[in-house]
Amino acid sequence: MSRTALRICPLCEATCGLTLTVDGSRVTGARGDREDVFSKGFICPKGASFGAVDGDPDRLRG
């Protein structure tokens with residue numbers, strides 16, 4: 001079952017607001033949070049690829 005989570009993108013100093021679609025423990029989608037007071041729904045390509053980065057098997061885990 002999918003759910004939506006509001007988060008701040010950790011990939012750079014711009015701290016864009018993200019609306020993530022999460023299925024179980026996997027991020028399956030990312031888009032800009034239109035309600036975020038700073039980014040107003042706009043995100044960069046890094047933020048848009050957040051789901052792919054999070055699911056990459058070569059990602060460091062800690």
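Apart from one condition, residue 8 fits all of (1) open to solvent by less than 90 Å² (accessible area, probe 1.4 Å); (2) free of Cβ contacts under 8 Å to residues at least 40 places away in the same chain; (3) touching a Ser or Thr at 6+ places or on another chain (Cβ under 9 Å); the exception is (1). Here residue 45 meets each of (1) within 9 Å of the chain's Cα centre (by Cα); (2) open to solvent by 70 Å² or more (accessible area, probe 1.4 Å) with one exception, condition (1). Within the set 60, 6, 11, the sole residue that is in contact with a helix residue (DSSP H, G or I) (Cβ under 7 Å, 6 or more places away or on another chain) and aliphatic (A, V, I, L, M) turns out to be 11. Count of segment 22-42 residues, restricted to those that are out of contact with any helix residue (DSSP H, G or I) (no Cβ under 8 Å at 6 or more places or on another chain) and either loosely packed, with under 15 Cβ neighbours inside 10 Å or not small (Gly, Ala, Ser) (or both), is 13. Restricting to segment 28-52, and then to whatever is in contact with a Gly (Cβ under 6 Å, 6 or more places away or on another chain) and small (Gly, Ala, Ser), can you tell me which residue is modelled with the lowest pLDDT? Residue satisfying both the conditions and the ranking: 51.
The values are calculated or read from the model by the stated rules, or taken from the named source; none is laboratory data. It should be emphasised that the depicted structure is a prediction, and the values quoted were computed from it without experimental measurement. When we count neighbours, we look across all protein chains shown, and the Cβ atoms used for this are built from the backbone with ideal geometry, even at glycine. Please note that ligands, DNA and RNA were not included when accessible areas were found on the heavy atoms of the full protein model with its side chains. Shrake-Rupley method; radii C 1.70, N 1.55, O 1.52, S 1.80 Å.
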